[in-house]
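Input: a single structure, listed below in structure tokens.
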Amino acid sequence: MASYHGPKARVQRRFGEVLIPRAKYQKIMDKRSYPPGDHGKEKQYRSGRRSDYGLQLNEKQKLSFIYNIRERQMRRYFLRAKQQPGETGPNLLSLLERRLDNLVYRAGFAATIWAARQLVNHGHITVDGERVDLASYSVRSGEAVSLTDKMKKNVHILSWVGEGGAPPDYLAVNRESITVTLLRVPERRDIPVPVDEQLVVEFYTRLT
């Protein structure tokens, strides 16, 4: 699944679950609890058993959507995760979680991963004081991610920071300076994604 820029609720309705924890998406799912399309109400969601490949593909597409990355990128992350010590699935999620755009999102500096990527791509994010405009930049433990001084005064940013909930345990967020520090490499239990990563591993393993 390529980087998606269309209606986010439509994709989540296709998967049959809320993948982006925002009230408006939950409201849409509650109101339209059936797949999108002209015959969505008639089809409802599949109750029968999918093939192993279908289940694996579904989880892989969910992961790509959640982190807003393209298939080629996802495959590269899988190969990197496979080369690292430990289990490939948790390694894969840890690599994705440490992407710069994702940390900006997790810290509450942007409402969605798409908004976070825009902040990074437009040069509004710094890492240890240096401007970084690469969304895929892998943040290392101890590095501090912040916004440029101009963006710290942006009303939308201030609103998102003020409304943000508790960050994951592997992050230290200073809402006054609008800075987030990666304390350690995130573990699987820290990563709030509703995906069975083992199925993603099985999907790519059968292709290699």
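Here's the yes/no breakdown for (1) over 19 Å from the mean Cα position of the chain (by Cα); (2) acidic (Asp, Glu); (3) within 27 Å of residue 86 (Cβ to Cβ); (4) not assigned by TED's automatic domain parsing to the domain that holds residue 117:
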{"residue": "145", "(1), (2), (3), (4)": "no, no, yes, no"}
{"residue": "148", "(1), (2), (3), (4)": "yes, no, no, no"}
{"residue": "152", "(1), (2), (3), (4)": "yes, no, no, no"}
{"residue": "161", "(1), (2), (3), (4)": "no, no, no, no"}
{"residue": "169", "(1), (2), (3), (4)": "no, yes, yes, no"}
{"residue": "178", "(1), (2), (3), (4)": "yes, no, no, no"}
{"residue": "200", "(1), (2), (3), (4)": "no, no, yes, yes"}
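Residues that are in contact (Cβ under 8 Å) with a residue 24 or more places away in the chain and of a type in the set (S, T, N, Q) were ranked within the stretch 64-97; the one that is surrounded by the fewest Cβ atoms within 10 Å (Cβ to Cβ) is 73. Residue 184 satisfies every condition listed in (1) more than 18 Å from residue 103 (Cβ to Cβ); (2) in contact (Cβ under 8 Å) with a residue 24 or more places away in the chain; (3) part of a loop (DSSP other than H, G, I, E, B) except (1). Screening residue 198 against (1) touching a strand residue (DSSP E or B) at 6+ places or on another chain (Cβ under 8 Å); (2) in contact (Cβ under 8 Å) with a residue 60 or more places away in the chain leaves a single unmet condition, (1). For the stretch 129-149, the set of residues classified as farther than 19 Å from residue 67 by Cα and small (Gly, Ala, Ser) consists of 129, 141, 142, 144, 146, listed by residue number.
The values are calculated or read from the model by the stated rules, or taken from the named source; none is laboratory data. Remember, it's a predicted structure, so these values are computed and weren't measured experimentally. Heads up, the Cβs are rebuilt from the backbone with ideal geometry, glycines too, and the neighbour counts pull from every protein chain shown.
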